[in-house]
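*Asks:* The structure's right below; bear with me while I get my questions together.
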Amino acid sequence: MLCTIGLSGLPLAGMAQGDFAIVQQNLANPDNEPAPVQPVPSERQMLWQETEFYAFFHYGMNTYTGLEWGNGDEAETQFAPTAAPNPRQWLEAVKAAGMKGGIAVVKHHDGFCLWPTETTDHNVTRGGNDFAKNTNIPRDFAAAAKELDMKYGFYISPWDRNSALYGTPRYVNEVFLAQCAELAQYGTDQFEMWFDGAQGGSGYYGGQGGTRNVDNSYYYDIPNLRDSVHKVCPNCVLWGVGGEARWIGNEAGWAGQTNWSTENRGTAPESNGMYGSEDGWFWLPGESDAKGTNSGWFWHQGESPQTPERLFQMYLETVGRNATLILNMPPDRSGSLPQATVTCLENLGNLLKQRLGTDLAPQATVTVSEERTAGSNRTYVAANLTDGDKDTYWATNDGTKTATITLTWENPLFIHYVALQEYIRKGQRIKGFKIETTTDGQTWTERAANVERTTVGYKRIIPLNGSTTSYGSGFETKALRITITDSKACPLLHTISVY
Ligand code: FUL
(Lines give C-alpha, C1' and ligand atoms only; values in the text may rest on other atoms or scores of the structure.)
Protein backbone atom coordinates (compact mmCIF):
# COMPACT_ATOMS: atom_id res chain seq x y z
CA MET A 1 0.00 0.00 0.00
CA LEU A 2 1.31 3.44 -0.87
CA CYS A 3 0.72 6.49 1.22
CA THR A 4 0.95 10.20 0.65
CA ILE A 5 2.00 11.44 4.02
CA GLY A 6 5.37 12.48 5.39
CA LEU A 7 7.67 10.17 7.25
CA SER A 8 6.34 11.18 10.63
CA GLY A 9 2.86 10.37 9.49
CA LEU A 10 1.93 14.07 9.25
CA PRO A 11 1.64 16.14 6.09
CA LEU A 12 4.91 18.06 5.56
CA ALA A 13 4.72 21.77 6.27
CA GLY A 14 4.63 24.00 3.22
CA MET A 15 3.69 21.26 0.78
CA ALA A 16 0.42 20.98 -0.99
CA GLN A 17 -1.34 17.62 -1.06
CA GLY A 18 -0.29 16.93 -4.64
CA ASP A 19 3.41 17.58 -3.90
CA PHE A 20 3.80 14.85 -1.36
CA ALA A 21 6.41 12.30 -2.25
CA ILE A 22 5.08 8.81 -2.74
CA VAL A 23 6.78 6.60 -0.17
CA GLN A 24 6.34 2.97 0.71
CA GLN A 25 4.40 2.13 3.81
CA ASN A 26 6.42 1.04 6.77
CA LEU A 27 9.98 2.18 6.06
CA ALA A 28 11.43 0.16 8.92
CA ASN A 29 10.10 -3.03 7.35
CA PRO A 30 9.89 -2.44 3.61
CA ASP A 31 9.11 -6.09 2.91
CA ASN A 32 6.25 -6.02 5.42
CA GLU A 33 7.62 -9.20 6.96
CA PRO A 34 5.78 -10.59 9.97
CA ALA A 35 7.58 -10.21 13.30
CA PRO A 36 9.20 -13.45 14.49
CA VAL A 37 7.68 -15.45 17.31
CA GLN A 38 10.66 -16.19 19.55
CA PRO A 39 12.64 -18.38 19.88
CA VAL A 40 13.77 -18.97 16.32
CA PRO A 41 16.40 -21.36 14.89
CA SER A 42 19.98 -20.32 14.23
CA GLU A 43 21.27 -20.63 10.69
CA ARG A 44 23.13 -23.83 11.58
CA GLN A 45 19.99 -25.30 13.13
CA MET A 46 18.11 -24.49 9.90
CA LEU A 47 20.72 -26.31 7.81
CA TRP A 48 20.67 -29.21 10.23
CA GLN A 49 16.86 -29.48 10.17
CA GLU A 50 16.87 -29.55 6.38
CA THR A 51 18.96 -32.72 6.53
CA GLU A 52 15.74 -34.44 7.75
CA PHE A 53 16.72 -38.08 7.35
CA TYR A 54 20.22 -39.44 7.87
CA ALA A 55 22.03 -42.53 9.01
CA PHE A 56 23.78 -43.64 12.16
CA PHE A 57 26.63 -46.10 11.82
CA HIS A 58 27.68 -47.90 15.01
CA TYR A 59 30.90 -49.67 14.21
CA GLY A 60 34.01 -50.26 16.32
CA MET A 61 35.43 -52.51 19.01
CA ASN A 62 31.94 -53.76 19.98
CA THR A 63 31.46 -55.12 16.46
CA TYR A 64 34.16 -57.66 17.29
CA THR A 65 33.36 -58.37 20.94
CA GLY A 66 29.60 -58.61 20.57
CA LEU A 67 29.06 -56.04 23.34
CA GLU A 68 26.90 -52.92 23.24
CA TRP A 69 28.90 -51.08 25.88
CA GLY A 70 32.54 -52.16 25.88
CA ASN A 71 34.39 -51.99 29.16
CA GLY A 72 37.32 -50.03 27.84
CA ASP A 73 39.85 -52.72 28.70
CA GLU A 74 39.56 -54.67 25.44
CA ALA A 75 42.87 -55.47 23.76
CA GLU A 76 43.34 -53.32 20.66
CA THR A 77 44.11 -56.48 18.69
CA GLN A 78 40.50 -57.57 19.09
CA PHE A 79 39.62 -54.98 16.49
CA ALA A 80 40.30 -57.05 13.35
CA PRO A 81 38.15 -56.32 10.28
CA THR A 82 37.97 -59.16 7.76
CA ALA A 83 38.27 -56.60 4.92
CA ALA A 84 39.04 -52.91 4.59
CA PRO A 85 36.17 -50.97 6.26
CA ASN A 86 34.26 -49.21 3.51
CA PRO A 87 32.36 -46.09 4.61
CA ARG A 88 31.62 -45.26 0.99
CA GLN A 89 29.54 -48.43 0.76
CA TRP A 90 27.64 -47.41 3.93
CA LEU A 91 26.81 -44.02 2.52
CA GLU A 92 25.85 -45.26 -0.94
CA ALA A 93 23.42 -47.70 0.66
CA VAL A 94 21.69 -45.09 2.81
CA LYS A 95 21.61 -42.61 -0.06
CA ALA A 96 19.52 -45.16 -1.95
CA ALA A 97 17.04 -45.00 0.95
CA GLY A 98 16.70 -41.25 0.49
CA MET A 99 18.97 -40.23 3.35
CA LYS A 100 20.90 -37.01 2.99
CA GLY A 101 23.85 -37.85 5.20
CA GLY A 102 25.16 -39.83 8.10
CA ILE A 103 26.93 -39.84 11.43
CA ALA A 104 29.70 -42.33 12.05
CA VAL A 105 30.61 -43.48 15.54
CA VAL A 106 34.34 -42.89 15.74
CA LYS A 107 34.69 -43.45 19.48
CA HIS A 108 32.12 -45.23 21.61
CA HIS A 109 32.05 -45.44 25.40
CA ASP A 110 34.88 -48.03 25.38
CA GLY A 111 37.24 -45.28 24.23
CA PHE A 112 38.64 -47.14 21.20
CA CYS A 113 39.37 -44.59 18.46
CA LEU A 114 38.74 -45.46 14.82
CA TRP A 115 41.44 -43.13 13.57
CA PRO A 116 45.16 -42.79 14.30
CA THR A 117 44.88 -40.32 17.16
CA GLU A 118 47.62 -38.66 19.18
CA THR A 119 45.41 -38.65 22.25
CA THR A 120 45.53 -42.32 23.19
CA ASP A 121 47.18 -45.59 22.24
CA HIS A 122 43.79 -47.22 22.36
CA ASN A 123 43.23 -46.86 18.63
CA VAL A 124 43.26 -48.59 15.27
CA THR A 125 47.02 -48.40 14.75
CA ARG A 126 47.40 -51.17 17.33
CA GLY A 127 44.59 -53.23 15.82
CA GLY A 128 44.72 -56.95 15.11
CA ASN A 129 45.61 -56.96 11.40
CA ASP A 130 46.60 -54.74 8.50
CA PHE A 131 43.00 -53.83 7.72
CA ALA A 132 42.74 -52.57 11.28
CA LYS A 133 46.02 -50.68 11.22
CA ASN A 134 45.03 -48.87 8.02
CA THR A 135 41.54 -48.00 9.22
CA ASN A 136 40.65 -44.33 9.41
CA ILE A 137 36.88 -44.01 9.59
CA PRO A 138 36.56 -40.21 9.92
CA ARG A 139 38.91 -39.65 6.99
CA ASP A 140 37.19 -42.13 4.68
CA PHE A 141 33.68 -41.28 5.85
CA ALA A 142 34.12 -37.54 5.28
CA ALA A 143 35.78 -38.09 1.91
CA ALA A 144 33.00 -40.41 0.72
CA ALA A 145 30.29 -38.03 1.93
CA LYS A 146 31.87 -35.18 -0.01
CA GLU A 147 32.09 -37.29 -3.15
CA LEU A 148 28.47 -38.37 -2.79
CA ASP A 149 27.30 -34.85 -1.95
CA MET A 150 26.03 -35.94 1.45
CA LYS A 151 26.31 -34.42 4.90
CA TYR A 152 28.53 -36.03 7.51
CA GLY A 153 29.21 -35.84 11.21
CA PHE A 154 30.71 -37.86 14.03
CA TYR A 155 29.66 -39.52 17.26
CA ILE A 156 32.43 -39.18 19.75
CA SER A 157 31.51 -40.41 23.19
CA PRO A 158 32.26 -37.96 25.99
CA TRP A 159 32.19 -40.87 28.43
CA ASP A 160 35.44 -42.77 27.98
CA ARG A 161 35.83 -46.02 29.90
CA ASN A 162 39.39 -46.51 28.76
CA SER A 163 41.01 -43.22 29.63
CA ALA A 164 42.91 -43.18 32.90
CA LEU A 165 42.23 -39.44 32.97
CA TYR A 166 38.45 -39.77 32.77
CA GLY A 167 36.80 -37.86 35.60
CA THR A 168 39.62 -35.29 35.88
CA PRO A 169 39.75 -31.90 34.13
CA ARG A 170 42.74 -33.13 32.13
CA TYR A 171 40.55 -35.63 30.28
CA VAL A 172 38.28 -32.88 28.97
CA ASN A 173 41.10 -30.74 27.58
CA GLU A 174 43.81 -33.21 26.67
CA VAL A 175 41.66 -36.04 25.43
CA PHE A 176 38.07 -35.13 24.61
CA LEU A 177 38.51 -31.61 23.20
CA ALA A 178 41.73 -32.68 21.49
CA GLN A 179 39.88 -35.55 19.81
CA CYS A 180 37.15 -33.22 18.57
CA ALA A 181 39.88 -30.95 17.19
CA GLU A 182 41.63 -33.86 15.47
CA LEU A 183 38.40 -34.76 13.69
CA ALA A 184 38.27 -31.32 12.10
CA GLN A 185 41.32 -32.25 10.00
CA TYR A 186 38.99 -34.55 8.03
CA GLY A 187 36.52 -31.80 7.28
CA THR A 188 35.16 -28.64 8.80
CA ASP A 189 31.76 -28.88 7.16
CA GLN A 190 30.49 -31.43 9.68
CA PHE A 191 26.76 -30.96 10.21
CA GLU A 192 26.39 -32.54 13.61
CA MET A 193 28.46 -33.89 16.48
CA TRP A 194 26.74 -36.46 18.61
CA PHE A 195 27.60 -36.05 22.27
CA ASP A 196 25.92 -38.82 24.14
CA GLY A 197 24.90 -38.31 27.74
CA ALA A 198 25.43 -41.92 28.86
CA GLN A 199 27.81 -42.46 31.73
CA GLY A 200 26.77 -45.79 33.15
CA GLY A 201 26.35 -46.33 36.83
CA SER A 202 28.66 -46.60 39.78
CA GLY A 203 31.63 -48.82 39.08
CA TYR A 204 31.42 -48.44 35.34
CA TYR A 205 34.10 -45.85 34.93
CA GLY A 206 37.51 -46.49 33.65
CA GLY A 207 38.87 -49.55 31.98
CA GLN A 208 41.72 -48.43 34.17
CA GLY A 209 39.64 -49.43 37.17
CA GLY A 210 37.75 -47.54 39.82
CA THR A 211 34.61 -45.48 39.98
CA ARG A 212 34.66 -41.95 38.64
CA ASN A 213 31.58 -39.84 38.92
CA VAL A 214 31.14 -36.81 36.74
CA ASP A 215 28.34 -34.29 36.56
CA ASN A 216 27.40 -33.89 32.90
CA SER A 217 26.01 -30.43 33.55
CA TYR A 218 29.46 -28.88 33.94
CA TYR A 219 32.18 -31.52 33.54
CA TYR A 220 32.54 -31.23 29.76
CA ASP A 221 32.65 -27.43 29.84
CA ILE A 222 29.98 -27.26 27.18
CA PRO A 223 30.04 -23.52 26.42
CA ASN A 224 33.76 -23.77 25.70
CA LEU A 225 33.28 -26.98 23.74
CA ARG A 226 30.52 -25.41 21.66
CA ASP A 227 32.60 -22.33 20.89
CA SER A 228 35.68 -24.40 20.05
CA VAL A 229 33.76 -26.61 17.66
CA HIS A 230 31.90 -23.70 16.06
CA LYS A 231 35.12 -21.80 15.50
CA VAL A 232 36.35 -24.56 13.19
CA CYS A 233 33.05 -26.12 12.09
CA PRO A 234 30.60 -23.21 11.94
CA ASN A 235 27.63 -25.29 10.74
CA CYS A 236 28.07 -28.14 13.18
CA VAL A 237 25.13 -28.61 15.54
CA LEU A 238 26.11 -30.10 18.88
CA TRP A 239 23.57 -32.73 19.72
CA GLY A 240 22.57 -33.83 23.19
CA VAL A 241 25.12 -32.78 25.76
CA GLY A 242 26.04 -29.94 23.37
CA GLY A 243 22.60 -28.36 23.66
CA GLU A 244 21.65 -27.39 20.10
CA ALA A 245 19.28 -30.28 19.31
CA ARG A 246 17.45 -32.50 21.74
CA TRP A 247 16.99 -36.24 22.16
CA ILE A 248 13.45 -37.19 21.22
CA GLY A 249 13.23 -39.21 24.41
CA ASN A 250 12.87 -42.73 23.03
CA GLU A 251 14.89 -44.98 20.76
CA ALA A 252 11.87 -46.41 18.99
CA GLY A 253 11.57 -43.99 16.09
CA TRP A 254 8.62 -41.79 17.00
CA ALA A 255 7.96 -38.21 17.99
CA GLY A 256 4.83 -36.74 19.53
CA GLN A 257 2.11 -35.77 17.10
CA THR A 258 2.27 -32.45 18.88
CA ASN A 259 5.94 -31.65 18.75
CA TRP A 260 7.33 -28.20 19.51
CA SER A 261 10.89 -27.40 18.51
CA THR A 262 10.96 -25.08 21.48
CA GLU A 263 12.09 -26.42 24.84
CA ASN A 264 13.62 -25.41 28.13
CA ARG A 265 17.17 -26.49 28.81
CA GLY A 266 18.01 -27.80 32.21
CA THR A 267 14.49 -28.80 33.26
CA ALA A 268 14.86 -32.44 32.28
CA PRO A 269 14.10 -31.73 28.64
CA GLU A 270 14.61 -35.38 27.83
CA SER A 271 11.57 -36.52 29.77
CA ASN A 272 9.54 -34.23 27.54
CA GLY A 273 11.61 -34.93 24.45
CA MET A 274 8.79 -36.29 22.30
CA TYR A 275 6.68 -33.18 22.60
CA GLY A 276 8.86 -30.16 23.34
CA SER A 277 7.30 -27.22 25.16
CA GLU A 278 4.94 -24.75 23.57
CA ASP A 279 6.45 -21.93 25.58
CA GLY A 280 10.02 -23.23 25.62
CA TRP A 281 12.73 -20.58 25.89
CA PHE A 282 15.15 -22.21 23.47
CA TRP A 283 15.01 -23.45 19.91
CA LEU A 284 15.94 -27.05 20.69
CA PRO A 285 14.53 -29.23 17.92
CA GLY A 286 14.05 -32.97 18.34
CA GLU A 287 16.14 -35.69 16.74
CA SER A 288 14.89 -39.25 16.83
CA ASP A 289 17.60 -41.92 16.98
CA ALA A 290 16.30 -45.33 16.05
CA LYS A 291 17.65 -48.79 15.39
CA GLY A 292 17.19 -50.00 11.83
CA THR A 293 17.86 -53.59 12.84
CA ASN A 294 16.25 -55.99 15.28
CA SER A 295 19.09 -56.16 17.82
CA GLY A 296 21.47 -53.55 19.19
CA TRP A 297 23.16 -50.38 17.98
CA PHE A 298 26.21 -52.43 16.99
CA TRP A 299 26.13 -55.40 14.63
CA HIS A 300 25.37 -58.77 16.19
CA GLN A 301 25.44 -62.25 14.71
CA GLY A 302 22.06 -63.34 13.36
CA GLU A 303 20.43 -59.90 13.32
CA SER A 304 18.30 -58.64 10.48
CA PRO A 305 17.08 -55.26 9.35
CA GLN A 306 13.59 -54.05 10.17
CA THR A 307 11.12 -54.33 7.30
CA PRO A 308 10.97 -51.40 4.87
CA GLU A 309 7.30 -50.89 5.93
CA ARG A 310 8.33 -50.52 9.58
CA LEU A 311 11.05 -48.05 8.62
CA PHE A 312 8.58 -46.11 6.49
CA GLN A 313 6.32 -45.90 9.55
CA MET A 314 9.24 -44.51 11.57
CA TYR A 315 9.83 -41.93 8.86
CA LEU A 316 6.20 -40.78 9.01
CA GLU A 317 6.30 -40.66 12.81
CA THR A 318 9.51 -38.64 13.01
CA VAL A 319 10.25 -36.60 9.89
CA GLY A 320 6.47 -36.37 9.47
CA ARG A 321 6.16 -35.00 13.02
CA ASN A 322 8.66 -32.19 12.99
CA ALA A 323 11.69 -34.22 14.09
CA THR A 324 14.73 -35.47 12.22
CA LEU A 325 15.37 -39.20 11.93
CA ILE A 326 18.83 -40.68 12.45
CA LEU A 327 18.42 -44.33 11.52
CA ASN A 328 21.07 -46.79 12.63
CA MET A 329 22.45 -49.38 10.21
CA PRO A 330 25.46 -51.19 11.66
CA PRO A 331 28.34 -52.43 9.49
CA ASP A 332 29.40 -56.01 10.21
CA ARG A 333 32.85 -57.49 10.86
CA SER A 334 33.90 -56.95 7.25
CA GLY A 335 33.49 -53.22 7.81
CA SER A 336 30.63 -53.01 5.31
CA LEU A 337 26.84 -53.15 5.59
CA PRO A 338 25.47 -56.68 5.15
CA GLN A 339 23.67 -57.36 1.86
CA ALA A 340 20.31 -57.73 3.66
CA THR A 341 20.68 -54.19 4.97
CA VAL A 342 21.60 -52.83 1.55
CA THR A 343 18.51 -54.47 0.03
CA CYS A 344 16.27 -53.21 2.82
CA LEU A 345 17.53 -49.66 2.29
CA GLU A 346 16.91 -49.88 -1.43
CA ASN A 347 13.35 -51.06 -0.78
CA LEU A 348 12.79 -48.29 1.73
CA GLY A 349 14.00 -45.80 -0.88
CA ASN A 350 11.49 -47.22 -3.35
CA LEU A 351 8.64 -46.96 -0.84
CA LEU A 352 9.51 -43.34 -0.13
CA LYS A 353 9.66 -42.55 -3.84
CA GLN A 354 6.38 -44.32 -4.58
CA ARG A 355 4.46 -42.77 -1.69
CA LEU A 356 6.08 -39.40 -1.13
CA GLY A 357 8.03 -38.85 -4.34
CA THR A 358 5.54 -37.08 -6.60
CA ASP A 359 4.04 -33.90 -5.28
CA LEU A 360 0.60 -33.23 -6.77
CA ALA A 361 0.20 -29.78 -5.24
CA PRO A 362 1.93 -27.83 -8.06
CA GLN A 363 -0.79 -29.05 -10.45
CA ALA A 364 -3.53 -27.54 -8.29
CA THR A 365 -4.98 -24.04 -8.24
CA VAL A 366 -4.44 -22.59 -4.78
CA THR A 367 -6.76 -20.06 -3.19
CA VAL A 368 -6.58 -18.65 0.32
CA SER A 369 -8.84 -16.72 2.66
CA GLU A 370 -6.28 -13.93 2.99
CA GLU A 371 -2.91 -12.88 1.62
CA ARG A 372 -0.67 -10.58 3.58
CA THR A 373 -0.04 -7.19 2.00
CA ALA A 374 3.06 -7.41 -0.16
CA GLY A 375 6.24 -5.50 0.65
CA SER A 376 8.75 -4.04 -1.78
CA ASN A 377 10.58 -7.28 -2.43
CA ARG A 378 8.31 -9.93 -1.01
CA THR A 379 4.84 -11.21 -1.64
CA TYR A 380 2.85 -13.53 0.59
CA VAL A 381 0.59 -14.92 -2.08
CA ALA A 382 -0.97 -18.37 -2.22
CA ALA A 383 1.23 -19.32 -5.17
CA ASN A 384 4.27 -19.24 -2.87
CA LEU A 385 2.97 -22.46 -1.29
CA THR A 386 3.57 -24.57 -4.37
CA ASP A 387 6.47 -22.82 -6.12
CA GLY A 388 9.04 -25.30 -4.81
CA ASP A 389 10.96 -22.47 -3.10
CA LYS A 390 11.50 -22.80 0.65
CA ASP A 391 12.41 -19.14 0.92
CA THR A 392 9.08 -17.76 -0.28
CA TYR A 393 6.05 -18.12 1.93
CA TRP A 394 2.37 -17.40 2.27
CA ALA A 395 1.19 -15.39 5.26
CA THR A 396 -1.85 -13.56 6.56
CA ASN A 397 -1.84 -10.03 7.91
CA ASP A 398 -0.93 -9.39 11.53
CA GLY A 399 -3.81 -10.21 13.77
CA THR A 400 -5.30 -12.86 11.50
CA LYS A 401 -4.67 -16.18 13.20
CA THR A 402 -7.06 -18.39 11.27
CA ALA A 403 -7.19 -19.03 7.55
CA THR A 404 -8.21 -21.48 4.87
CA ILE A 405 -6.14 -22.72 1.97
CA THR A 406 -7.87 -24.59 -0.84
CA LEU A 407 -6.19 -26.64 -3.55
CA THR A 408 -8.35 -27.53 -6.52
CA TRP A 409 -7.42 -29.91 -9.31
CA GLU A 410 -8.86 -29.89 -12.78
CA ASN A 411 -9.74 -33.57 -12.51
CA PRO A 412 -10.23 -35.47 -9.25
CA LEU A 413 -7.28 -37.59 -8.16
CA PHE A 414 -6.52 -40.01 -5.33
CA ILE A 415 -4.44 -38.63 -2.50
CA HIS A 416 -2.90 -40.18 0.62
CA TYR A 417 -0.78 -37.58 2.41
CA VAL A 418 -0.63 -33.84 2.94
CA ALA A 419 2.67 -32.27 4.02
CA LEU A 420 2.79 -28.80 5.59
CA GLN A 421 5.91 -26.76 6.23
CA GLU A 422 6.06 -23.61 8.31
CA TYR A 423 8.53 -20.87 7.57
CA ILE A 424 10.24 -21.55 10.90
CA ARG A 425 12.83 -18.83 10.50
CA LYS A 426 10.07 -16.76 12.08
CA GLY A 427 9.27 -19.29 14.75
CA GLN A 428 6.93 -22.24 15.15
CA ARG A 429 3.52 -20.61 15.20
CA ILE A 430 0.64 -22.87 14.18
CA LYS A 431 -1.30 -24.50 17.03
CA GLY A 432 -4.24 -26.10 15.28
CA PHE A 433 -5.46 -27.08 11.83
CA LYS A 434 -7.83 -29.43 10.07
CA ILE A 435 -7.98 -31.03 6.65
CA GLU A 436 -11.00 -31.74 4.48
CA THR A 437 -11.51 -33.13 1.01
CA THR A 438 -14.36 -32.98 -1.47
CA THR A 439 -15.07 -34.97 -4.60
CA ASP A 440 -17.66 -32.53 -6.00
CA GLY A 441 -16.67 -29.16 -4.59
CA GLN A 442 -19.85 -29.13 -2.43
CA THR A 443 -19.63 -31.71 0.33
CA TRP A 444 -16.53 -31.58 2.50
CA THR A 445 -15.33 -34.51 4.60
CA GLU A 446 -12.85 -34.13 7.42
CA ARG A 447 -9.78 -36.37 7.11
CA ALA A 448 -7.32 -37.69 9.68
CA ALA A 449 -9.72 -36.76 12.44
CA ASN A 450 -8.00 -39.22 14.82
CA VAL A 451 -4.66 -37.44 14.36
CA GLU A 452 -3.63 -34.53 16.61
CA ARG A 453 -3.74 -31.66 14.14
CA THR A 454 -1.91 -29.18 16.31
CA THR A 455 1.67 -28.18 15.61
CA VAL A 456 3.32 -28.09 12.20
CA GLY A 457 6.88 -26.80 12.54
CA TYR A 458 9.55 -27.57 9.97
CA LYS A 459 7.49 -30.39 8.48
CA ARG A 460 4.32 -32.28 9.26
CA ILE A 461 3.13 -35.15 7.06
CA ILE A 462 -0.50 -36.09 7.69
CA PRO A 463 -1.75 -39.49 6.47
CA LEU A 464 -5.31 -38.67 5.39
CA ASN A 465 -6.53 -42.08 6.57
CA GLY A 466 -5.03 -41.32 9.98
CA SER A 467 -2.72 -44.34 9.81
CA THR A 468 1.06 -44.52 9.74
CA THR A 469 1.00 -48.25 9.14
CA SER A 470 -1.52 -48.71 6.36
CA TYR A 471 -1.12 -46.93 3.06
CA GLY A 472 -4.71 -47.55 2.02
CA SER A 473 -6.23 -46.73 -1.32
CA GLY A 474 -6.31 -42.97 -0.90
CA PHE A 475 -9.19 -40.50 -1.12
CA GLU A 476 -10.69 -39.28 -4.32
CA THR A 477 -10.23 -35.54 -4.24
CA LYS A 478 -11.33 -32.69 -6.44
CA ALA A 479 -10.34 -30.13 -3.83
CA LEU A 480 -8.50 -30.13 -0.54
CA ARG A 481 -9.10 -27.56 2.19
CA ILE A 482 -6.70 -26.87 5.01
CA THR A 483 -8.06 -24.70 7.78
CA ILE A 484 -5.68 -23.16 10.25
CA THR A 485 -7.73 -22.91 13.42
CA ASP A 486 -5.19 -21.42 15.82
CA SER A 487 -1.76 -19.87 15.69
CA LYS A 488 0.53 -17.96 18.08
CA ALA A 489 0.56 -15.11 15.56
CA CYS A 490 -0.29 -14.79 11.88
CA PRO A 491 0.49 -18.19 10.31
CA LEU A 492 3.25 -18.62 7.73
CA LEU A 493 3.68 -21.66 5.50
CA HIS A 494 6.32 -21.98 2.82
CA THR A 495 5.18 -25.24 1.23
CA ILE A 496 2.17 -27.50 0.95
CA SER A 497 2.75 -30.86 -0.73
CA VAL A 498 0.16 -33.46 -1.61
CA TYR A 499 0.88 -37.12 -2.38
C1 FUL B 1 23.18 -44.33 23.79
C2 FUL B 1 24.47 -45.11 23.92
O3 FUL B 1 24.71 -45.47 25.26
C4 FUL B 1 24.26 -46.29 23.03
O5 FUL B 1 25.28 -47.24 23.13
C6 FUL B 1 24.12 -45.78 21.61
O7 FUL B 1 25.33 -45.23 21.16
C8 FUL B 1 22.98 -44.79 21.53
C9 FUL B 1 22.80 -44.16 20.18
O10 FUL B 1 23.14 -43.79 22.48
O11 FUL B 1 22.96 -43.42 24.74
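*Asks:* So how far, in whole Å, is the C-alpha centre of region 286-317 from the one of region 406-448?
*Replies:* When both Cα centres are located, 30 Å separates them.
*Asks:* Which of the residue pairs LYS431/LYS478; LYS291/LYS390; LYS133/LYS291; LYS353/LYS459 have a Cα-Cα distance greater than 20 Å in the structure shown?
*Replies:* LYS431/LYS478; LYS291/LYS390; LYS133/LYS291
*Asks:* Using the alpha-carbon atoms, what tilt in degrees (0 to 90, nearest 10) does helix 137-147 show relative to the longest principal axis of the chain?
*Replies:* 30 degrees
*Asks:* Separate question: Just going by the charge dipole of the chain, with Lys and Arg at +1 and Asp and Glu at -1 on Cβ, which of HIS230, GLN78, VAL214 is farthest out on the positive end?
*Replies:* In the chain, that residue is HIS230.
*Asks:* Once the Cα atoms of helix 339-356 and of the chain are each reduced to a long axis, what angle between those two axes, in degrees from 0 to 90 to the nearest 10, is obtained?
*Replies:* 0 degrees
*Asks:* Apply the Karplus curve 6.51 cos²θ - 1.76 cosθ + 1.60, θ = phi - 60°, to the phi angles in region 393-402 and return the couplings in whole Hz, x for Gly and Pro.
*Replies:* Along region 393-402, the couplings run 8, 9, 8, 9, 6, 3, x, 9, 10, 10 Hz.
*Asks:* Can you tell me the order of 395-401, 186-192, 213-219 when each peptide is scored by its average per-residue count of other Cβ atoms within 10 angstrom, highest first?
*Replies:* Most protected by this proxy first, the peptides run 186-192, 395-401, 213-219.
*Asks:* Taking the Cβ of PRO412 as the center, what net charge do the other residues with Cβ under 14 Å away carry, scoring Lys and Arg +1 and Asp and Glu -1?
*Replies:* That works out to -2.
*Asks:* Based on the Cβ-Cβ distance from ASP31 to ALA340, what FRET efficiency comes out when R0 is 56 Å, to the nearest 0.05?
*Replies:* The pair ASP31/ALA340 has a calculated efficiency of 0.60.
*Asks:* Under unit Cβ charges (Lys, Arg +1; Asp, Glu -1), what dipole magnitude, rounded to 20 debye, does region 43-356 have relative to its Cα centre?
*Replies:* Here region 43-356 has a charge dipole of around 360 debye.
*Asks:* Using a cut-off of 11 Å between beta-carbons, work out the net charge of the residues near THR77 (Lys and Arg +1, Asp and Glu -1, THR77 not included).
*Replies:* Once positives and negatives cancel, what remains is 0.
*Asks:* In debye, nearest 20, what is the charge dipole magnitude of region 385-457 about its Cα centre with +1 on Lys and Arg Cβ and -1 on Asp and Glu Cβ, if you could check?
*Replies:* Value, rounded to 20: 400 debye.
*Asks:* Okay, next question. Return the carbon/sulfur percentage of the accessible area of region 43-356, one whole number, probe 1.4 Å, all protein chains in place.
*Replies:* Carbon and sulfur: 49 percent of the exposed surface of region 43-356.
*Asks:* OK, next. Using the beta-carbon distance between GLU476 and THR367 and R0 = 22 Å, what value does 1/(1 + (r/R0)^6) give for FRET efficiency, to the nearest 0.05?
*Replies:* Efficiency at R0 = 22 Å is approximately 0.60.
*Asks:* Over the C-alpha atoms of region 361-498, what are the Rg and the largest Cα-to-Cα span, Dmax, in Å?
*Replies:* For region 361-498, the Cα-based Rg and Dmax read 14.3, 47 Å.
*Asks:* In addition: I'd like to compare 120-131, 79-90: which one has the highest average count of other Cβ atoms within 10 Å, and what's the full order after that?
*Replies:* Result, highest mean Cβ count within 10 Å first: 79-90, 120-131.
*Asks:* Taking a cut-off of 13 Å between Cα atoms, list the aspartates and glutamates near LYS231, but don't count ones fewer than 8 places away on the same chain.
*Replies:* Cα-Cα hits under 13 Å: ASP189.
*Asks:* Which FRET efficiency value, to the nearest 0.05, is calculated for ASN411 and GLU50 with the Förster distance at 41 angstrom and r the Cβ-Cβ distance?
*Replies:* After rounding, the FRET efficiency stands at 0.75.
*Asks:* Right, next: Helix 87-96 against the longest principal axis of the chain: what's the angle in degrees, Cα atoms only, rounded to the nearest 10?
*Replies:* Helix 87-96 sits roughly 30 degrees off the main axis of the chain.
*Asks:* Treating only the Cα positions of region 238-304 as identical point scatterers, give the base-10 log of I(q)/I(0) from the Debye formula at each q in 0.12, 0.17 Å⁻¹.
*Replies:* -0.34, -0.59
*Asks:* As I understand it, the dipole of the chain uses +1 on the Cβ of Lys and Arg and -1 on the Cβ of Asp and Glu, about the Cα centre. Which of THR373, ILE248, MET99 lies farthest toward its positive end?
*Replies:* THR373
*Asks:* Divide the volume of the convex hull of the Cα atoms of the chain by its number of residues and quote the answer in cubic angstrom per residue.
*Replies:* That works out to 164 Å³ per residue.
*Asks:* Give me the net charge for the shell around VAL229: Cβ to Cβ below 14 angstrom, other residues only, Lys and Arg +1, Asp and Glu -1.
*Replies:* Neighbourhood net charge equals -3.
*Asks:* If each DSSP helix of 4+ residues adds -39,500 (n - 2.57) and the sum is divided by the residues in the chain, what number results at 222 nm, nearest 500 deg cm²/dmol?
*Replies:* -4500 deg cm²/dmol
*Asks:* Please list the equivalent ellipsoid semi-axes of region 304-348, computed as the square roots of five times the alpha-carbon gyration tensor eigenvalues, in descending order and whole angstrom.
*Replies:* Semi-axes (√(5λ), whole Å): 22, 12, 7.
*Asks:* Based on the mean of other beta carbon atoms within 10 Å per residue, what is the order of 231-239, 99-107, 359-367, most packed first?
*Replies:* My ranking of the peptides, most packed first, is 99-107, 231-239, 359-367.
*Asks:* Taking Rh as the Kirkwood radius, which is the inverse of the mean 1/r over Cα pairs, what is the Rg/Rh value for region 433-472?
*Replies:* Radius of gyration over Kirkwood radius for region 433-472 works out to 1.00.
The values are calculated or read from the model by the stated rules, or taken from the named source; none is laboratory data. Everything numeric here is computed off the predicted structure, so don't read it as measured data. Cβ atoms come from the backbone with ideal geometry, glycine included; neighbour counts cover every protein chain shown. SASA here: full protein model, heavy atoms, side chains in, ligands and nucleic acids out. Shrake-Rupley method; radii C 1.70, N 1.55, O 1.52, S 1.80 Å.
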